[in-house]
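Worksheet: one structure, shown below.
The values are calculated or read from the model by the stated rules, or taken from the named source; none is laboratory data. Here the structure is a predicted model, which means the values were calculated and not measured. Cβ: placed from backbone, ideal geometry, glycine included. Neighbour counts: every protein chain shown.
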Amino acid sequence: MADPKSGEIVNEGENSIIRELNECNVVYFAVDVLSVVDLHRLEIPKAFTARSGWPGVLDVLLVISSKAEKEWPLQLKRVEPGSKLSAISIGDCYREFITDNSIAIGDLLVFEVVDPQCLVVTIKRHRPAAANQALKVEDIAGPATDPRPRPEPVKVAPPSLEIPAPLEATGSSAPRRASSAPRDPRPRPEPAKIAPKTPEIPAPLVATASSTPRRASSNGLWVPQFCKTLRVSHTKPGKASRLDIPTLYWRTYGTEQFEDHFFTLAGPIAEGVVKSVVHVTPKQTFCFFTCGWYHFCTRNKLKVGDTLLFAKTGPASFEVSKKSPGKFLFV
């Protein structure tokens, strides 16, 4: 039976729970879930706190009788004096309790004290009378039908297909449609013949300090290369000595080959092994030859002002030569 004012079903089970709690003098409070706020926040009445002294602490637990092993932690915040509430829940913990137990608007929640840190919750579910009656009518009568007669569907004639004109066979391989237009008796001009272009062979590059990072080797193959003029920072003694690899070169061939790899440098006088590293900053990336570079400079008598050509001869090797006017020589 439905309450004439609220339109909700008066559930005898809910009334029996309330009567039983009142007869046993149990300290409790009930929440009738009527709005979305009730699904996101638990409000503790000040009258309940006055009778029970609960909550004694702000970190508490919620349990329900049907899931004795499950507990939901809850964090509370005390309310300023003058309000009808003593505390409210904060965070998403109460929302998790609502979701796990499928609580919706229209349900009744009864909270009883277990101890100063815990409440047990009894859930009683019910739905509005209008929704309940509509469901029963649907179950009994089935979906409603429209008694008015339906109009006959309009019949649409299929579109007619156009048959193309027969093709006229000609001497050319492409078929043509027969045409009633007269042909032009004048002879057609011969198509102009265009001579094929002769491919241009690029001249060998002259390696300079600003040239692209490739040059022709003695066997005619293009090899990666770059030039560097030594500065004071390149010839510092000890571990501070390092050579920065030009940006154009590592952007062309990638920084991966310089990430903690070792290279063999074949110098004008002696060979040496150097380590390469990559240093990345928010604004720029640098690639260096570090460990072993100063020893290589010393053995090959390299000094400030020398311009060197680094020609890659293998996956981890370079040929290093000094620059002289017009060409590169080993000294």
**Message:** Going through Thr298, Thr290 one at a time, which residue ends up being surrounded by 14 or more Cβ atoms within 10 Å (Cβ to Cβ) and without any contact (Cβ under 8 Å) to a residue 12 or more places away in the chain?
**Reply:** Thr298
**Item:** Residues satisfying the stated conditions in the stretch 262-307, i.e. closer than 18 Å to Trp250 by Cα, assigned to a loop (DSSP other than H, G, I, E, B) and in contact with a helix residue (DSSP H, G or I) (Cβ under 9 Å, 6 or more places away or on another chain)
**Value:** Gln284, Thr290
**Those residues of the stretch 17-35 which are in a helix (DSSP H, G or I) and either touching a Gly at 6+ places or on another chain (Cβ under 8 Å) or of a type outside the set (Lys, Arg) (or both), in sequence order** = Ile17, Ile18, Glu20, Leu21, Asn22, Glu23
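Can you confirm whether the stretch 70-78 contains a residue that is in a loop (DSSP other than H, G, I, E, B) and either at pLDDT below 85 or surrounded by fewer than 15 Cβ atoms within 10 Å (Cβ to Cβ) (or both)?
Initial filter on the stretch 70-78 (in a loop (DSSP other than H, G, I, E, B)): none.
Looking for residues that are in a loop (DSSP other than H, G, I, E, B) and either at pLDDT below 85 or surrounded by fewer than 15 Cβ atoms within 10 Å (Cβ to Cβ) (or both), one finds none in the stretch 70-78, hence no.
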